[in-house]
Amino acid sequence: MDTPNPSHATYYTPLPEQPSLDGIPAARRRPLKGFVVIFASIIFLVSLVGLILNQSQEPSTPSPMPNNDHKPSSQNEPFSQQMPRGVAEGVSAKSNPSAFDEEKVSYNWTNAMFSWQRTAYHFQPEKNWMNDPDGPLFHMGWYHLFYQYNPDSAVWGNITWGHAVSRDLIHWLYLPLALVPDHWYDINGVWTGSATRLPGGQIVMLYTGDTDESVQVQNLAYPANLSDPLLLDWVKYENNPVLVPPPGIETDEYRDPTTAWVGPNGKWRLTIGSRHNTTIGMALVYQTTNFTEFELLEGVLHAVPGTGMWECVDFYPVAINGSVGLDTSAGGPGIKHVLKASLDDTKIDHYAIGTYDPVNDTWTPDNPKEDVGIGLRVDYGRYYASKSFFDQYKKRRILWGWINETDTETDDLDKGWASVQTIPRAVLFDNKTGTNILQWPVEEIESLRYNSTEFEKILIEPGSIVPLDIGTATQLDIFAEFETELLASATEEEEEEAYNCSSGAVDRSTLGPFGLLVLADDSLSEFTPVFFRPTNSTNGTLTTYFCADETRSSLAPDVAKQVYGSSVPVLDDEKLSMRVLVDHSIVESFSQGGRRVITSRIYPTEAIYGAARLFLFNNATGVNVTATLKIWQLSSAFIHPFPLDQ
Amino acid sequence: MQKTLAFLLFLLFLSLHLQLRCEAAAINDDDDDLVENICKKTPFHDLCVATLHPISNSSTSNIKGLATSMANIVLVNATDTLHYIEGLIKQSSDPKQEKALAGCAELYISVVKYELPQAIEALGKGQYGFANYGISDAAKLVDQCEKGFSGTSESPLSDRNKLIHSLSQIAVAIINVLAKG
C-alpha cells in the first residue's frame, strides 16, 4: 500500500475561489457526528420542510440537484443529509430524483414485489449498487464490461470496478473485481474510465481516481496478462496519476477520460469533460504517444455555454451511409462524429452530430441550435452515463447506458440492490433523416426468444382498449406497427400548443394518443402507456410524439412516476412503429427503428408475476387505430458467476 | 539329449513369448478398460468408445489425456466442418440456404477460433470450469447453426452438427469426471 506522496500537492494549485475544497471540509463520505445531530432534528423539521417543498416541486421534472457550488452553510441545514449521494464527493447525484425520502410514505413492499423487480435479461450485479459502465471492450472472443460498483452496500460509495464477461453481450458471467481503491490516487474511488486498444493488441485503461484529498486525477492501468481471455488481473501504472487537473480547471470537475483515437500526426488523442466558469460545459483534448505523458492542447474539442459540467464525454465516428460501426480512429470523407456528454446539472445524456477537424482537434455541430446539451438526448427516459465502444469482431459501435432506480434509497437498501444496464445497443447514423443516430438492441438478444404470437390488423376504436392474450407479460420483445384512419365524425382540431408528452396518455386529441399498455393488471389499477401522439401543430404540419407515461404505473406512492418522451421524425412512407423490451422493472421503448428511445423504471404492486398483462389502447377521439404486432416471450439470461474455481 | 535341450529351449521361448504377449495384452486391456469406464459415464457410450479406442495409447492412459483427446477431436471436426461450409457457400444457388450457411460459418468461426482452443488451453491448466463452459458453448452454437435451417431446405450439415454436438457432450462429461476426481 502506497503512503501518500506529499509532493503531489505541487502538481496542481487548488483555485482560491473554489468553496468546494475550502468551504465544505465536513462533506466527507460519512459525516457521522453531523448525521446523528441532524437526524434528531430532522424528525421535527422534515414535515415542515417537506410540506413547503412539496407544494413548489414540479411533478414532471426532477428537482435540480444541489451541486458543489451550493453555499457551504447548506451543510448545516436540516436537509443537507438528504443531499443526493456523490455530490459532495464531486460527482453527479447518485440517488433518486426525489431527494426527500423521509416524508413520503414508504410503501409496504413485500419480498415478492421486490424479487419481481429484478430483471431477467438485463445486466445487473447479484447485489449492491452499480452506476456508470466502464471500459467496455472485445478481446479474444469475450466482451468485457466493467462498472462502477459498491461491494458493500446498495447505495453509491466505496467505488470499485466490477467486471463481467460474455460471449454474446447477453449471457454475462460475473468475474472478481478488476480495480479497487488501494492507492492514494484512487483511494476515494476508482471512477469512470475507458479502454483503448492499441495496434498489436495491447489494452490501456485510463480511469479517474479520486485521491486522498478528493482531487480528480487520471490513472493508467493495463491487463497483467494479455493472453488471459478473461483479463482477470490488472496492473496500475507505477507512476500514477498520469494526468492531474491543469491550471484553471477545478480539481473536482475533471473526470471520465474517453477512448483514445489516432490523429493524422500519428499521435493519440483523448478528451476529458470539464466546465468553465461553472456554466460552460466543455471537452478538453490531450495528445499522447505512450499514454503516460500527455500534452494538453490549447482550446477545447468543443464547449457549449449554459450546459454545465460535462461528465462521461463520449466521442466517436459514424458512417454517413449508416451500414457498419466504425473504429474510434476512423475518419475522412463519408464520416461524421458524434459528441456526447452527460450533463451533471440535469442528469441527462445529450449528443449532437457534427464534423471533426483532426488537424485542429475541434468539432463543430451540424446544427448549432441542437448543440451538445441543448438538443437531442441519447435516451428520453431514466438513463445516464452512457459509453460506447467499437466491437471489432462484428464491426459495430455498441452503446451502454446506466439505468438508476426511481424508487427510494430505503427501498434499494431493503431489496439489497440498485441499478441495471440497458441491453447494449448498436448505433448507426440515421441516413434517412441525417440528423440523429439510430439505436437498436443488439441482435444477440434474439437468442432469448421463444413462443411468438402474431396479431394482424387489430382494430382499436376511439376510447377503447384491447387485451392481447400472450401469456405472461413480464419478459417480452414486442414489435408493433400502427395505422390510423380518420373518422368521418372527427372534429377539426383546434391547433394545439406544443404537446411534448408532459400531459401524458390521458390528454386526448383527434389523432392520438394510442399505443400499448405494458405491465398492466386486468383491472387496470396499474398500467404504463407507451404510445404515439400525432399532433397538428400551429403551422399545419403534423408532429408525432413518442412517449412513456409512468403516472399510473404503480399504486406505490414513493416511486417516481414521470412522463417521458419527445417528438420523433416520421417520414412520408413510414408507418408508426415501436419496439418495446419488457423486463420486469425496466422497459426500453424504441420508435421508428431506434430514432427516439425511452427507458423507464416501473415498480408495480399489482401488475406483477402472473397478473401482468399487455393491452392495446386508443385514446384518440377521431381515429380508428389498426395495430399489427409480433410479440416474443424472452427467457432469462441466467447471469451468474464464471465457473472459475474448478 | 540335444532334442530335449532344444525342446526345453523351445518351451522357454514359447513361454516368454506368451508372457510378453500377455503383458502387451494387459496394457491394452488397461487402456481399453479406462476408455470403457470413462465412456460409461458419458451420454453416448458407443460413440465415445469408437472415438477413443483407436487412439488410446500411453499418452491417453489417464482421464485428463482422454479429455484432451476428445476436445481436440471436437476441434478437428469443427475445423473440417467450417471448411465444408465455406465450400457449400461457394456452390450454393439457393439464397435462403446460403444465408443459413453464412450464419453457420460465423458460428463455426467463433467455435474454431475462440471457444475450443481456449477450452483446450484451460483444460491443460486444470481450469475445468472454464473448459466446460467453452465446450458447452460450442455445442450451443452448433445447435444454433442447425436451427438456422429450420423452415428452409434440409440442412446439409445435420450429420456433422449432430456429431459435433454429441462429441462435445462426451467431452464435457469426461471433464466432469476429472473435476470430481
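The values are calculated or read from the model by the stated rules, or taken from the named source; none is laboratory data. These numbers were taken from a predicted model, which means no experiment stands behind them. All Cβ positions, even for glycine, are placed from backbone atoms using ideal geometry, and neighbour counts span all protein chains on display.
What to note about this one:
- Counted as qualifying within the range B:83-181 are the helices (runs of 4 or more DSSP H) with 2 or more residues that are away from every other protein chain (no Cβ under 14 Å) and closer than 20 Å to B:Thr51 by Cα, namely B:158-180.
- Of the residues making up the range A:250-275, those that are surrounded by fewer than 24 Cβ atoms within 10 Å (Cβ to Cβ) and assigned to a loop (DSSP other than H, G, I, E, B) number 8.
- The range A:276-290: number of residues that are in a loop (DSSP other than H, G, I, E, B), out of contact with any Asp or Glu (no Cβ under 8 Å at 6 or more places or on another chain) and under 22 Å from A:Glu311 (Cβ atoms): 2
- Checked against (1) part of a loop (DSSP other than H, G, I, E, B); (2) modelled with pLDDT of 95 or more, A:Gly322 meets all criteria but (2).
- One residue from B:His83, B:His17 being modelled with pLDDT of 95 or more and out of contact with any helix residue (DSSP H, G or I) (no Cβ under 8 Å at 6 or more places or on another chain): B:His83
- Which numbered condition A:Val242 misses (of (1) without any contact (Cβ under 8 Å) to a residue 60 or more places away in the chain; (2) of a type in the set (Val, Ile, Thr); (3) buried (at least 24 other Cβ atoms within 10 Å of the Cβ)): (3)
- 3 or more residues in contact (Cβ under 8 Å) with a residue 12 or more places away in the chain, aliphatic (A, V, I, L, M) and away from chain B (no Cβ under 14 Å): qualifying strands (runs of 3 or more DSSP E) within the range A:113-182: A:172-179
- Here A:Leu220, A:Leu231 are screened, and the one residue that is modelled with pLDDT of 95 or more and within 14 Å of another protein chain (Cβ to nearest Cβ) is A:Leu231.
- Residue match in the range A:293-302 (condition: at negative phi, modelled with pLDDT of 95 or more and within 21 Å of the chain's Cα centre (by Cα)): no
- Test: residue in the range A:497-515 that is part of a strand (DSSP E or B) and either among the basic types (Lys, Arg) or buried (at least 16 other Cβ atoms within 10 Å of the Cβ) (or both): yes
- Any pair with Cβ under 9 angstrom, 6 or more apart, that starts in the range B:141-159 at a residue that is at positive phi and ends at one that is at pLDDT below 90: B:Gly151/B:Lys96
For every residue, the table says whether it meets (1) surrounded by fewer than 17 Cβ atoms within 10 Å (Cβ to Cβ); (2) of a type in the set (D, E, K, R); (3) more than 14 Å from every other protein chain (Cβ to nearest Cβ); (4) assigned to a loop (DSSP other than H, G, I, E, B).
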residue: A:Gly565; (1), (2), (3), (4): no, no, yes, no
residue: A:Gly594; (1), (2), (3), (4): no, no, yes, yes
residue: A:Ala607; (1), (2), (3), (4): no, no, yes, yes
residue: A:Thr626; (1), (2), (3), (4): no, no, yes, no
residue: A:Lys630; (1), (2), (3), (4): yes, yes, yes, no
residue: A:Ser636; (1), (2), (3), (4): yes, no, yes, yes
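- Summed over the range B:79-101, residues that are under 17 Å from B:Gln144 (Cα atoms) and in contact with a Ser or Thr (Cβ under 9 Å, 6 or more places away or on another chain) total 6.
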